[in-house]
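The structure appears right after this line, and notes come after that.
The values are calculated or read from the model by the stated rules, or taken from the named source; none is laboratory data. These figures come from a predicted structure and were not determined experimentally. Virtual Cβ from ideal backbone geometry, glycine too; neighbours counted across all protein chains shown. For accessibility, only protein heavy atoms count, side chains too; no ligands or nucleic acids. Shrake-Rupley method; radii C 1.70, N 1.55, O 1.52, S 1.80 Å.
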Amino acid sequence: MAERMRLGVNIDHVATVRNARGGQHPDPVRAAEQALAAGADGITAHLREDRRHITDADIEALSALCATAGRPLNLEMALTQEMFEIAMRHRPHAVCIVPERREEVTTEGGLNVRANLSQLFFPVQQLKEAGIRVSLFIDPSKEQVMAATGVGAQVVEFHTGRYCHAEGDRRRAAFEELTAAVEMADAVGLEVHAGHGLDYETAAEVATLPQVRELNIGHFLIGEAIFIGLDAAIARMREAIDGAAR
Ligand code: PXP
């Protein structure tokens, strides 16, 4: 039987709420523990350069939690010297390299791998040699897929923001673009993930693409948790994904 599509739960926005008041509550590590118990296959956290949500101490605690639980930690980070050293120190299951601009509200687009081949090549090899799976967060573009293979990444995560935020014909067109990029990435041997802006409906549609092995979802699930609780939000998301993928 084919492996079920994995759900990585991004707990960044639990830290956003905690940091609004300082202090310890709500604790993203507690949310991660609860997410794993509720059906998440792994935990995703973005350590941003400005530490606006997840902190170094959170990464330390999440690494310990995931190691104890035997579940993957997917560390999202910009490829700076500081983040590279943090990744090498913690050796998470996976690192997802994302572009980062301080003034952005969220990760607004994919990494331009094509324009940064030489900057990416050696760090990607070093991370891989350290036993870390390297994923590149890219827009659904064939040029970026080819560039990702060129730098030796094992995984690409497609930025689904454009698809999720569009409506009607534009959404259809964005989904077709995503489908073509997913098929191509799979054909060239990359493991395919997707994320950004997904909700029950869009996650279910992306889950109809059999080449997609993992979805990473944060903002919507943490928002839903306010109304129905984190366990129920994750259970509903699992149902949406598993139902579509059947
Ligand atoms: N994947 C990556 C690489 C991201 O940067 C983000 C946002 O931090 C997500 C997935 C999750 O996006 P969202 O919070 O919109 O579900």
Revision key, fill the gap. Scoring segment 34-161 by relative contact order with C-alpha pairs under 8 Å, at least six apart, yields a percentage of 20 percent
Check your understanding: When the accessible area of segment 92-246 is computed with all protein chains present and a 1.4 Å probe, what percentage of it is carbon and sulfur?
Key -> 51 percent
Exercise for review: Would you kindly derive the ³J(HN,Hα) couplings of segment 108-113 from the backbone phi angles with the Karplus curve 6.51 cos²θ - 1.76 cosθ + 1.60 (θ = phi - 60°), listing them in order in whole Hz, with x for Gly and Pro?
Suggested key: 7, x, x, 6, 8, 5
Check your understanding: For the chain, what is the charge dipole size about the Cα centre, in debye to the nearest 20, if Lys and Arg each add +1 at the Cβ and Asp and Glu each add -1 at the Cβ?
Key -> 260 debye
Exercise for review: Enumerate the calculated ³J(HN,Hα) couplings along segment 8-19 in order (Karplus 6.51 cos²θ - 1.76 cosθ + 1.60, θ = phi - 60°), each rounded to whole Hz, writing x wherever the residue is Gly or Pro.
Suggested key: x, 9, 8, 9, 3, 7, 5, 5, 4, 5, 4, 5
Exercise for review: Enter the accessible area of Glu129 (Å², nearest 10), with the probe set to 1.4 Å and all protein chains included.
Suggested key: 150 Å²
Point to revise | Probe 1.4 Å, protein heavy atoms only - accessible area per residue of the chain in square angstrom | key: 46 Å²
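Find the relative contact order for the chain and round it to a whole percent, using C-alpha pairs within less than 8 Å whose residues are 6+ positions apart. Before the final figure, lay out each step's value.
On the way: 454 pairs, mean separation 47.4, N = 246.
Once normalised by length, the contact order is 19 percent.
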